[in-house]
1. So for segment 300-458, taking the charge dipole from beta-carbon charges (+1 Lys/Arg, -1 Asp/Glu), which of P322, F342, V371 sits furthest toward the positive end?
2. Run the numbers for A476 and L252: contour at 0.36 nm per residue of separation, minus the present Cα-Cα distance, in nm.
3. Taking the Cα-to-Cβ direction at R450 and at V201 and moving 7 Å from each Cα, how far apart do the two end points lie in nm?
4. What net charge do the residues around C467 carry, taking every other residue with its C-beta under 15 Å from that of C467, with Lys and Arg at +1 and Asp and Glu at -1?
5. Check which residues have an amide H placed less than 5 Å from V94's amide H, if you skip close sequence neighbours.
6. Take the Cα atoms of segment 165-309, build their convex hull, and give its volume per residue in Å³.
7. For V162, what is the net charge nearby, where nearby means another residue's Cβ is under 12 Å from its Cβ and Lys, Arg count +1, Asp, Glu -1?
8. Report the FRET efficiency, 1/(1 + (r/R0)^6), for S335 and R227, where r is their Cβ-Cβ distance and R0 is 51 Å, rounded to 0.05.
Amino acid sequence: MGDEARSEVPLAVLQDRPASTATSPAPPPADPGSEAGQQLKELVQIQNPASAAASTPTAPTMGECSTEYRGLPGGNNGVADGAAMATPASLRKVSIVPLVFLIFYEVSGGPFGIEDSVGAAGPLLAIAGFLVLPIIWSIPEALITAELGTMFPENGGYVVWVASALGPYWGFQQGWMKWLSGVIDNALYPVLFLDYLKSAVPALGGGLPRAFAVLGLTAVLTLLNYRGLTVVGWVAICLGVFSVLPFFVMGLISLPKLRPARWLVVDLHNVDWNLYLNTLFWNLNYWDSISTLSGEVDNPGKTLPKALFYAVIFVVVGYLYPLLAGTGAVPLDRSNWSDGYFADLAKLLGGAWLMWWVQAAAALSNMGMFVAEMSSDSYQLLGMAERGMLPAFFARRSRHGTPLVGILFSASGVLLLSSMSFQEIVAAENFLYCFGMLLEFAAFVLLRVRRPDAPRPYRVPLGTAGCVAMLVPPTALIVVVLTLSTLKVALVSLGAVAVGLVLQPLLGIVEKKGWLRFAVNEDLPDIGVGHHAPAAAADDEPPAP
């Protein structure tokens, strides 16, 4: 939409502009009308914001987060229609410790939900899966997120990556598929929450009590997201510590009962490969989701890569430790290994008190995963609106600085999908997620080829050929996951993709007709995907909630 109004910052400016100006010598005089003079003018504006405010505004460029890619200032950020897009200056940025736990909850939240891997394939393949898949999937995805998330530290996240490399149309498709996948994923957590509690409260197994429980839980957690990302981050820390402690205790109790031979049990003739791979894939993906919160992170150029590194270790250990304890200490009955079985294992190993602890941890873990995923989904919508891909009202923030409209849209999607079964939800969101990851892989390689010297605060320590080789195993895994999907899941997912293909042109028509306002945040760097809607009176906008 509006490609003709977009202009790209010259790559020479991106390449030549230094990351830090603290010790740079004074530049020589230059003709203000020349190209060098224009570059010097832009550099002075970055070094001296006061002089920049009094001069003609120019588009910032990508670069080190502490200098060239600044967080959004207060005010309306030069947005054409006066939409409140800025993060209020008084709001605190997310630091590394809450960020690690937010990533932990985006990806994992603990071992709840991994039980199906044992039921589908037995102990050996389950353990091997959680050892091998992080290497061929989680680490490459985390590395891509670290590089592109620091190259584009704004709330659009992977939408901006794809839009910059493939154009705004495919950027929108990426946003649609990833948002829908995230909402489907978030619909899992009320299901898992109630699955762990239904053994203690049978009424939660179905009917009206279950429906009211889902509604109440969604409302409470949505309110928590409304109160602010910093609150969500510190809540994630508390929930994370509480959620992993019972498994640490269960592992200690299981030590005298461990029989390592039980870890080696495998029956290749009796493996549900579809359930096995979907369970592994679901429990080890979504590393890129944190990129949609990059604009809210304190010094993302340094903080984001470190947080991803620590989170990978945290997640993998958090899966393997209870899996080894549970399969090694109790005789195997694969029919028992399904959602919620860790609570039964805790009772067998430690008694009723440990079972109740695991159930409480499961409940709180699902709360943590819900708020983390909703934060990612809602800030993604805000970032897309700031790039002009969605109507401007998606970019409005509440008095707490949170994307109120995005939160409400995401919560509505969760309520609509929460009636699906666990297996249906996992398969559907995996299918959509695979398409989005293929676009991310393509964007990563294309940006390496087309902009090899563009500033990257973190860079994957591989050349272009090495990056392509790194992406071969995860791409093969995506093909396998898509191939093993059922016809029902494939048809529903492809139908959802088709909606996005039509929705983007329809939004273009809505914009041209003036039915809804679209605007680009002018303080974001011009990456060739922004556009400006016709100017409108700012006083037409109601105040932010």
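The values are calculated or read from the model by the stated rules, or taken from the named source; none is laboratory data. Keep in mind the model is a prediction, meaning the values are calculated, not measured. No Cβ is skipped: glycine too gets one built from the backbone with ideal geometry, and neighbour counts run over all protein chains shown. Just so you know, the surface numbers come from the protein's heavy atoms only, side chains and all, with ligands and any DNA or RNA stripped out. Shrake-Rupley method; radii C 1.70, N 1.55, O 1.52, S 1.80 Å.
1. Value computed over the given set: V371.
2. 76.8 nm
3. Label at R450, label at V201, 5.2 nm between them.
4. Taking every Cβ under 15 Å from that of C467, the sum is +2.
5. V297, D298
6. Cα convex hull per residue, to the nearest whole number: 227 Å³.
7. 0
8. Given R0 = 51 Å and the Cβ-Cβ separation, E is 0.75.
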